[in-house]
C-alpha cells in the first residue's frame, strides 16, 4: 500500500469522492480491504442515510419485520416477544 493512503485527510477525500458518485459498494469494499481503511470508510457510509432502514436492519431479526408491499421495515413490539 502506498504510504500516502495512510494519511487520513487524503483518504477521507478519496472516500468522499467515491460516495459522491453514489458508489457506496466500493466504499464498503474499502472498509473490508484493510484495517487502516475501515474506520474512515464506515464513517462515510453511515454519515448520510436517507432513512433509518439500514440502522433498523442492524438489529436482531426478531425485532423487526419487512412489509413486502412498501419494503420498509417496521419495529415489532418488544413486549410481544417477552416471556414474563
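Could you list, in sequence order, all residues of the range 39-52 that are outside any helix (DSSP H, G or I) and over 9 Å from the mean Cα position of the chain (by Cα)? Of everything in the range 39-52, those that are outside any helix (DSSP H, G or I) and over 9 Å from the mean Cα position of the chain (by Cα) turn out to be 48, 50, 51, 52. Residue count for the range 1-38 under the criterion of being closer than 21 Å to residue 50 by Cα and not in a helix (DSSP H, G or I): the result is 3.
Only one entry in 12, 39 is touching a residue at least 12 places away in the same chain (Cβ under 8 Å), within 24 Å of residue 1 (Cα to Cα) and out of contact with any strand residue (DSSP E or B) (no Cβ under 6 Å at 6 or more places or on another chain), namely 12.
Among the numbered conditions (1) surrounded by 14 or more Cβ atoms within 10 Å (Cβ to Cβ); (2) at pLDDT below 90; (3) within 21 Å of residue 2 (Cβ to Cβ), the only one that residue 34 does not meet is (1).
The values are calculated or read from the model by the stated rules, or taken from the named source; none is laboratory data. Predicted model only: the values in this text are computed from it and were never measured. When we count neighbours, we look across all protein chains shown, and the Cβ atoms used for this are built from the backbone with ideal geometry, even at glycine.
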